[in-house]
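K.L.:
Please see the structure below; I have some questions.
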Amino acid sequence: MTQRKDCPNSHSSSQSKRQSGNLVSQEEDDDSTFTQPSTLQVQRGLEKLTTAQVDQKTAEVVQYFLVKDQKKIPVRRADLVKHVVKDYRNIYPEIIKRAARVFDQVFGLKLVEIDAKNHMYILINKLEKVDGASPIKSPANPKMGLLFVILGVIFMKGGVVRENLIWNTLKKLRVDSGEKHEEFGDVKKVITDEFVRQRYLEYVRIPHTEPIEHEFRWGQRADMEVSKAKILEFMGELHEQDPQSWTQQYKEAHSVPSSTQPGTSSQR
Amino acid sequence: MKRTRGGGDEEAPRQNGSVGRKKGDPQQSEADDGGSTLGPADLQDDDNDPGLRREIRSKYRDLINSVQQNREDMLSPSNNKLTEVLEEANKLFKDVRQAREAALDAQLLVVATDLGKEKASQLFAEGTAFDHIAFAERLLSFMGLNRLEDGEDDQQNRGGIDGYLPKDAWHRVARRAESCFMTAPAFHYMMGSFHAEPPPPKQKIERQRKAPSKEAARIMPTQLKKMEGSHQEATEKEVERILGYLKSYYQDDPTSPISYYEFVIDPNSFSRTVENIFHTSFLIRDGLARMYLDDDKLPCIAPVEEGEVEAGGSWSRKQCIISISPKIWRELIDAFDIRDTLIQPQNTQTE
């Protein structure tokens, strides 16, 4: 399907940005053999392909993302290249650029690289939410409520909390990590496994703790997808307080747009 | 190890920038007092007295435990328990002589420092304190918690907590919280995806094969019961009659195979031929007759000896469908030169 002779990048590992690899998995190997082609290489690659071919490949990438996004697990560049882009890897940046444009113009979604080191992407919603309840009466996913509680507490507590604080808060809300919950099932698994894999949360071990304890932080997806300002607003409503009364949190939520808050165009 | 308050002077000064007390003030230094009033002999005793050593270590362990067990308590900004623990430790430290005790002291410091760090992060800054328990209570109200009047509670609760949550509690939270998230809506094909179902399993066929022999006897009667009396009996009788013909022809000459077509075809009537085929098929089905191909690949029929076939048929059963049209019927008559029917029509049969 492609007319060029051979791929210049498939075996080059000299510019690999991977860290020393005793943890090298199959995917990382593939990723290390993929180096971002230069602009010149991309241009040359494009010359040898028809518009239709590039469009087709872009469409395949878009479809791959849309389906992968159902589970909200970030897409790794290595998988994308291996399964979809394949021979077109020499024009990879161009394909990503076009795919991002399709997401933006057709779907109102933003393609974001949440991890510049490991090259992982997610899709987030570009459209501003209408104030008040959403016009779509589709049933809300209760897990989102659970996530809100956890992210909210972490944020209000300065960005890091020990896991016990979360478990205690949830216990008060009748969600016991040791028991099966009516709505969420294996709560511990949902929180420490599913939410972590989706990159909503980070669950890291605290060194020197006996018995082993972890702490929770916001994950890379949460940084992109969740609005601290809106969380603070909800907190204000709940506590019947002005959001500004939490000065530190307010400052953080309304700080000069760093690339980490939603609502800013942060295409890396 | 130096702390911000107190601290022995007998150690080499290791002040990590902490102010402590003024250096030129020996009178207030507890350690100095202790050190100067005791004579060398006493020091020796203290050093080696195992009872005292154990006591010191035990006290350290108590302190460490109290910090670990009463963690939540110590974290509360309303008290100074942590400071009290440190003061205790300070006092103990002056009696420390051996490495074992010092190690415990170090361990206590790690635990206390940890707690101190957490306490500090709790404070965070003026006016930004966030009580997660109060938050949980407010959220419960938001969820629609039905707080009952009396303290003791009923079926649905964990002990002691009053009220019960409505079923859609978490949905309410999710709905309100949705606006905080810029989640991309999940993409699904509107009509679902193509889901190929495998063909029905072959087991069904086998079961049907094994059942008929048992049920056949039963099926015939039930069918016959449903039909009008004359028809049922007629079919049954006819089948038996044909079996009789088959057997008698076979006995006439067991070695000579009976051609199937010659057997069933009535050259005078097409409809009777069809009926003959129909009735003969019952014989085959019930295992009373068998069909086979002879050397010329022409179908032949022969009765089955009693005892040859077990009920349930361990023989391999085959199905075949025979079709006949008037044209084929005539062709067969010509081909086999059938002049007369082997199965005599009954007088009661209607054409």
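K.L.:
Among the residues of the stretch B:277-292, count how many are closer than 20 Å to residue B:234 by Cα and either touching a Ser or Thr at 6+ places or on another chain (Cβ under 6 Å) or not in a loop (DSSP other than H, G, I, E, B) (or both).
P.N.:
Of the residues in that region, 10 qualify.
K.L.:
Shifting gears a bit: Kindly evaluate residue A:27 against the criterion of being within 21 Å of the chain's Cα centre (by Cα), at pLDDT below 85 and open to solvent by 10 Å² or more (accessible area, probe 1.4 Å).
P.N.:
So residue A:27 fits the description; yes.
K.L.:
Let me ask something else. What single numbered condition from (1) buried (at least 17 other Cβ atoms within 10 Å of the Cβ); (2) at the interface with chain B (Cβ under 9 Å from one of its Cβ atoms) fails to hold for residue A:150?
P.N.:
It is condition (2) that residue A:150 fails.
K.L.:
When residues of the stretch A:199-250 are filtered for being of a type in the set (Lys, Arg) and away from every other protein chain (no Cβ under 11 Å), how many remain?
P.N.:
Residues flagged as of a type in the set (Lys, Arg) and away from every other protein chain (no Cβ under 11 Å) within the stretch A:199-250 amount to 3.
K.L.:
Let me ask another. Residues to consider are A:139, A:135; find the one that is modelled with pLDDT under 85 and more than 10 Å from chain B (Cβ to nearest Cβ).
P.N.:
On inspection, the qualifying residue turns out to be A:135.
K.L.:
Search the stretch A:48-86 for residues being acidic (Asp, Glu) and touching a helix residue (DSSP H, G or I) at 6+ places or on another chain (Cβ under 9 Å), and hand back the single one that is least open to solvent (accessible area, probe 1.4 Å).
P.N.:
A:79
K.L.:
Take residue A:183 and decide whether it is modelled with pLDDT of 90 or more and surrounded by 13 or more Cβ atoms within 10 Å (Cβ to Cβ).
P.N.:
no
K.L.:
How many residues are among the aliphatic types (A, V, I, L, M) and over 60 Å from the mean Cα position of the chain (by Cα) when one looks only at the stretch B:230-262?
P.N.:
The first filter runs over the stretch B:230-262 and keeps only residues among the aliphatic types (A, V, I, L, M), leaving B:234, B:239, B:242-243, B:246, B:258.
Among the residues that remain, those that are also over 60 Å from the mean Cα position of the chain (by Cα) are: B:246, B:258.
Matching residues across the stretch B:230-262 total 2.
K.L.:
Look through A:176, A:193 and report the one residue that is more than 9 Å from every other protein chain (Cβ to nearest Cβ) and either farther than 30 Å from residue A:37 by Cβ or in contact (Cβ under 8 Å) with a residue 12 or more places away in the chain (or both).
P.N.:
Of the residues listed, the single one that is more than 9 Å from every other protein chain (Cβ to nearest Cβ) and either farther than 30 Å from residue A:37 by Cβ or in contact (Cβ under 8 Å) with a residue 12 or more places away in the chain (or both) is A:193.
The values are calculated or read from the model by the stated rules, or taken from the named source; none is laboratory data. Predicted model only: the values in this text are computed from it and were never measured. Every residue, glycine among them, receives a Cβ derived from its backbone with ideal geometry; neighbour counts consider all protein chains shown. Only protein heavy atoms, including side chains, enter the accessible area calculation; ligands, DNA and RNA are left aside. Shrake-Rupley method; radii C 1.70, N 1.55, O 1.52, S 1.80 Å.
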